[in-house]
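The values are calculated or read from the model by the stated rules, or taken from the named source; none is laboratory data. Everything numeric here is computed off the predicted structure, so don't read it as measured data. Using ideal geometry, Cβ is built from the backbone for each residue, glycine included, and neighbour counts are taken over all protein chains shown.
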Amino acid sequence: MSLHANKYIIIMMDLSKTHVELVKKVYETLEINTSKLRNRKSNPLTLAEKILYGHARDVNEISMNRGKDFGDFLPDRVAMQDATAQMALLQFMQAQLPETAVPTTVHCDHLIQAYEGANSDLKVANKNHKEVFDFLRTASQKYNIGFWGPGAGIIHQVVLEQYAFPGGMMIGTDSHTPNAGGIGMVAIGVGGADAVDVMAGMPFNTKIPKLIGINLTGSLSGWTSPKDIILKVAEILTVKGGTNAIVEYFGDGTKSISTTGKATITNMGAEIGATCSIFPFDAKGEEYLNATGRSDIAKLAKDHMHLLTADQEVCENPELYFDEVIEINLDLLVPHIVGPHTPDLARPITELKDDAESNNYPVEISNALIGSCTNSSYEDIGRAAYIAREAAKKGLKSKVPLMVTPGSEVTRATIERDGYLKDLEAIGATVLANACGPCIGQWKRDDIGDGETNTIVSSYNRNFPARNDGNKETLSFIGSPESVIGLALSGTLEFDFLNDTLINDQGEEVKLTPPAAEELPLKGFVNTLEGFIQPTDGDDLDVKIDPNSDRLQVLTPFDSFNPINYLGMTVIMKAVGKCTTDHISPAGKWLRFRGHLENISQNLFIGVNNSFTEESGTGINTLNNEVMTLPDLAKTYHENQVNWIAIGDENYGEGSSREHAAMEPRFRGCRVVLVKSFARIHEANLKKQGILPLTFFDKSDYEKIEQNDKIKIINLEEISPGSTVTVTLQKEDGSSVNIIANHSLSDEQIKWFESGSALNYIKAN
């Protein structure tokens, strides 16, 4: 039996929502654990501490050493999207368990390519990906998992509408899982292997996060939106400033922000590397729960406000209780635009024109896109529709192709009923399927050629090169939906909608009106569960995988630790500069192979800038000194049983949570990844797959590593938490250089390493 399955038995009958009985049990546990925590700390508690430690496996024993030690936690649920769920379910099947230990859902949102519009794109997806959707559906039925089919909505929007609740803890196999923090939930993006652990009844093991407090004062007005808050935070903290930290928002400014607006902020906390972000529960949260048919949970949460807000002393003297405190005055905040190529390159809209000119960015916009998991709420679309409606009255239309992605069928049906879609279509918008689409590279473009430089603007969350359309030369700028609509009406980055005017179809000079919209629909949300399939008794159900399939492949366990494999490793590449999971294992066209480890490994390191070669995605085969693509090189080394090491720069592995970026190198023979610093999720994923993640003790040692070095690490049998590792560089001339590296493995993670993977350890224990 699982470690914590019993508390969920009561709700296994219906997985379309979170039941109030589960929430009651969570609050009972939070009361007990919070009391124990107070006895240990004798200090006021932040909200993050209450919820995080409230879910500790053993609150009396768990470390409170932030940013250093690891702890075990018991999440209340798991959510997976279709791209990552394939590999997660294939791994879960290896565990040979009858059902998941906690409520779990699968959401089909990643495999739908945007092209012509919602109806046409959905038909194509259902045809092209039938094999995968059938696998996910039947596996969900067999293992008692709630299944949301194609078109039902994007995972984070559906979770917010159906499952998220104040004070809960959830992990999800997508980096933007923290979206649920908008309603006061500790929601953490993880790799599939972490999800498998929890689904199998094991605790979730992670580094004890630091705490960053953000005090919001004042209130938003005019064109400024919640999106601008997180864009400002990203500018302040940068893409790695939140690494291994929970970002907790507090202050009077939080009370005026809608729940969906807060979710936008916590969603994009992933762009600063944060473990998660969280807001306190308040009247806005109560309104949202009531509006989404969860009044019973709203009442229960209101009765437990003391568990769902920080202690008053924390809010009065935050510098005493947080590792870092930032203050943002919302009265002074203006709309921001970030990008290109990174979400922390920010400037106010008033400075965009000059910045574009000074950096020689193409000012003509090729496409504008709003929606996705980050900004597809009723309020978001309503504010965008307001601008569109007023613009149409003034004789204006979008100067560029404008695409709208609703976040869920509930939201889509509601904004259609209330006329918002018509308002947007009136200025030229195309409505896409309720799916991720262009936000994750699932965008088929006919308007530009590969390698053609162009500028797009979106309300999405991520803008790395090639992220949206597979073209590295697309410059992607991010803003709020209302900012994007404003820019779309002008067609240029040179337009400042706060101050500039436009010429309408009558030749008249007109000025755009600041947006306004209801946070929640006055007529209520359209109540629909379209696309949801309730699990049935799956005991006799066979989940079949065609052995000849190029989409799905049964997994073979990785080999266990053998010290011989670390005595003469070849350096496959030395990444220079930014190396995200999009560089290591890009999405886009490769999404179709997410369930086939061998086939998807043909994208390994394809976007990496290797310091040893001139062209990205290439490396030097040390067996014959031939330059070849890194995927082919990794395959060659694998076939010749060559153990290898990858070298990286700062914040290696930032971006999406995709575990394939760790599974692929492991499959191809990688033993160690040695970098200046890691992004949190990717480091965890490497550990799960049995790869040893190391960081340079002295970052300048990165420069000492050369193409033809052979890397030796001895005495790994003696590795222990907090110890250092001596890495020997055996040079081509016969000399050797020793450098020191750090690791962050806990006692349990060392057992994963010794077993060859976390899953191997689970099966053996």
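Below, the figures for the structure above:
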item: Number of the exception - THR217 against (1) crowded, with 23+ Cβ neighbours inside 10 Å; (2) hydroxyl-bearing (Ser, Thr, Tyr); (3) closer than 27 Å to HIS306 by Cα; result: (1)
item: Sole exception among (1) at positive phi; (2) modelled with pLDDT under 95 for GLY669, by number; result: (2)
item: Scope the stretch 82-100; condition part of a loop (DSSP other than H, G, I, E, B) and surrounded by fewer than 24 Cβ atoms within 10 Å (Cβ to Cβ); matching residues; result: GLN96, LEU97, PRO98, GLU99
item: Out of GLY218, GLY242, GLY172, GLY191, sole residue that is within 23 Å of GLU519 (Cβ to Cβ) and of a type in the set (Gly, Ala, Ser); result: GLY218
item: Contacts under 7 angstrom Cβ, first residue in the stretch 231-245 being within 17 Å of PRO209 (Cα to Cα), partner part of a helix (DSSP H, G or I) and not aliphatic (A, V, I, L, M), 6 or more apart; result: VAL239/GLU271; GLY242/GLY269; THR243/ARG680; ASN244/ARG680
item: Where a residue in the stretch 596-607 is under 11 Å from LEU630 (Cβ atoms) and its partner, wherever it lies, is part of a helix (DSSP H, G or I) and β-branched (Val, Ile, Thr), with Cβ under 9 Å and at least six apart; result: ASN603/ILE584; LEU604/ILE584; PHE605/ILE584; ILE606/ILE584; GLY607/ILE584
item: Some residue of the stretch 651-663 being modelled with pLDDT of 95 or more and surrounded by fewer than 22 Cβ atoms within 10 Å (Cβ to Cβ); result: no
item: Any hit, the stretch 49-58, residues being closer than 24 Å to GLY293 by Cβ, assigned by TED's automatic domain parsing to the domain that holds ALA79, among the aromatic types (Phe, Trp, Tyr) and at pLDDT 95 or above; result: no
item: So SER63, is it among the polar types (S, T, N, Q) and either over 30 Å from ALA679 (Cα atoms) or touching a Leu at 6+ places or on another chain (Cβ under 8 Å) (or both); result: no
item: LEU541 vs. criteria modelled with pLDDT under 95, at negative phi and surrounded by 13 or more Cβ atoms within 10 Å (Cβ to Cβ); result: yes
item: Residue count, the stretch 221-246 (criterion: of a type in the set (A, V, I, L, M, F, W, C), closer than 18 Å to GLU379 by Cα and surrounded by fewer than 24 Cβ atoms within 10 Å (Cβ to Cβ)); result: 1
item: Which listed residue is farther than 23 Å from GLY568 by Cβ and either of a type outside the set (D, E, K, R) or modelled with pLDDT under 95 (or both), from THR580, THR636, THR613; result: THR580
item: Residues (out of contact with any Gly (no Cβ under 8 Å at 6 or more places or on another chain), crowded, with 16+ Cβ neighbours inside 10 Å and in a helix (DSSP H, G or I)) located in the stretch 38-49; result: ALA48, GLU49
item: Qualifying residues in the stretch 397-413 (those that are part of a strand (DSSP E or B) and among the β-branched types (Val, Ile, Thr)) - the one farthest from GLN506 (Cα to Cα); result: THR405
item: Some residue of the stretch 12-23 being surrounded by 19 or more Cβ atoms within 10 Å (Cβ to Cβ), modelled with pLDDT of 95 or more, assigned by TED's automatic domain parsing to the domain that holds THR105 and within 27 Å of ASP747 (Cα to Cα); result: no
item: Within the stretch 429-475, considering residues that are among the polar types (S, T, N, Q) and in a loop (DSSP other than H, G, I, E, B), the one surrounded by the most Cβ atoms within 10 Å (Cβ to Cβ); result: ASN434
item: Residue match in the stretch 407-428 (condition: within 28 Å of ASP344 (Cα to Cα), buried (at least 21 other Cβ atoms within 10 Å of the Cβ) and more than 24 Å from the chain's Cα centre (by Cα)); result: no
item: Any hit, the stretch 60-82, residues being modelled with pLDDT of 90 or more and farther than 24 Å from GLY167 by Cα; result: yes
item: Scan of the stretch 109-151 for residues that are buried (at least 21 other Cβ atoms within 10 Å of the Cβ) and in contact with a Phe, Trp or Tyr (Cβ under 6 Å, 6 or more places away or on another chain), ordered by number; result: ALA114, ASP121, SER140, TRP148
item: Of all residues making up the stretch 452-470, the number that are modelled with pLDDT of 95 or more and out of contact with any Phe, Trp or Tyr (no Cβ under 8 Å at 6 or more places or on another chain); result: 6
item: Filter result for the condition that a residue is touching a residue at least 12 places away in the same chain (Cβ under 8 Å), more than 28 Å from ASN599 (Cβ to Cβ) and assigned by TED's automatic domain parsing to the domain that holds ASP582, over VAL737, VAL675; result: VAL737
item: Single match in THR528, THR536, THR556 (criterion: part of a loop (DSSP other than H, G, I, E, B), free of Cβ contacts under 8 Å to residues at least 24 places away in the same chain and polar (S, T, N, Q)); result: THR556
item: Residues satisfying the stated conditions in the stretch 234-246, i.e. hydrophobic (A, V, I, L, M, F, W, C) and farther than 17 Å from PRO343 by Cα; result: ALA245, ILE246
item: Candidate set from the stretch 389-406 (those that are touching a Lys or Arg at 6+ places or on another chain (Cβ under 9 Å) and surrounded by 24 or more Cβ atoms within 10 Å (Cβ to Cβ)); member that is nearest to LEU520 (Cα to Cα); result: PRO406
